[in-house]
Amino acid sequence: MKLAIVVCSAAKTEEEFRTRPVYPSLQAQQLLHPNDVEVIVFPCNTKGLPEVYNCVLRDEKVTGKMVLFVHDDVELEDLFLYEKLKETPYSITGLAGTKSFDRRVDRCAWHLCSSREDFVGEVAHVQNRRVWTTVFGPTYSRALIVDGLFIACKVDDLRAKDVTFDENFSFHHYDITFCLRAHQNKVTCGVLPIRVVHHGLGDSMNSPEWIESNRKFKELYYT
């Protein structure tokens, strides 16, 4: 199974995109697997991620492939990324998430909508040149929700169950709604121990955009 790595970036130019953390790691993955890994980049992207991701999932060029949707502030450091995704038992593979989700919580982020004991996976972070790994739970586990910084999908499995991203959302909550749709359609989801370094800290929950997305999520998924 071949792997297509998809990155959407708000970088204004291709030169600016080359300064993003993901760029050198994309080159490295292609050098490691020149015949099995391709990179699809959407620079200067102004569309919502679900809209772009759905266009990729519908493209006949990815039929029979694994597609990895990854944020541009993520470094793909795992030398065995391709091998791990090729052998994954899950139709949707992530790095971190949870096995439960309580929609009654006011602030609907995956780590606030479940018990700590249901967390799974791990992710490394970097800030001010300090790198640390947050271990949420087991790193080889089924999950209900996985974080959107890294979502790998077996395209044919999603098409067979008509699972797509919800285009009512642009950035926030798109990962939660995608995983809930997958669960509803009995598409398997889980996490694997894959080494990446995330340059973001997931600290956007106080932004007006996140608050509006949270309101919309409750409106569409609570009633």
Quiz prompt | Over the stretch 98-176, volume per residue of the alpha carbon convex hull, in Å³ | solution = 139
Quiz item: Anyone know which of Arg18, Arg130, Arg107 comes out most mobile in the 10 Å Cα GNM of the chain?
Solution: Arg130
Quiz item: Among Gly97, Gly64, Gly148, which one moves the most in a GNM of the chain with springs linking Cα atoms closer than 10 Å?
Solution: Gly64
Quiz item: Under the Karplus relation 6.51 cos²θ - 1.76 cosθ + 1.60, θ = phi - 60°, what is the ordered set of whole-Hz ³J(HN,Hα) values for the stretch 95-103, x standing for Gly and Pro?
Solution: 10, 8, x, 8, 9, 9, 7, 9, 6
Self-check item: Gap separating the Cα centres of the stretch 19-67 and the stretch 170-205, nearest whole Å
Solution: 17
Practice problem: Apply the Debye scattering formula to the stretch 3-221, with a single equal point scatterer on each alpha-carbon and no solvent, then give log10 I(q)/I(0) at q = 0.17 Å⁻¹. | Solution: -1.34
Quiz item: What is the log10 of I(q)/I(0) for the stretch 1-116, computed with the Debye formula using one identical point scatterer on each Cα and no solvent, at q = 0.17 Å⁻¹?
Solution: -0.97
Quiz item: What does the charge dipole of the chain about its Cα centre add up to, to the nearest 20 debye, if the Cβ of each Lys and Arg holds +1 and the Cβ of each Asp and Glu holds -1?
Solution: 420
Quiz item: Using alpha-carbon pairs under 8 Å, 6+ residues apart, how would you state the relative contact order of the chain in percent?
Solution: 24
Quiz item: Any idea how far apart Glu16 and Asp156 come out in nm if each label point goes 7 Å out from Cα toward Cβ?
Solution: 4.0
Quiz prompt | Long pairs among Lys2/Lys186; Lys61/Lys154; Lys61/Lys161; Lys47/Lys86; Lys12/Lys216; Lys47/Lys154, criterion Cα-Cα beyond 21 Å | solution = Lys2/Lys186; Lys47/Lys86; Lys12/Lys216; Lys47/Lys154
Quiz item: Of Val120, Val39, Val146, which is the most mobile in a GNM of the chain whose springs link Cα atoms less than 10 angstrom apart?
Solution: Val39
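Bear in mind that the values in this text are calculations on the coordinates, not laboratory data. The structure presented is a predicted model; accordingly, all values stated were derived computationally and were not measured. When we count neighbours, we look across all protein chains shown, and the Cβ atoms used for this are built from the backbone with ideal geometry, even at glycine.
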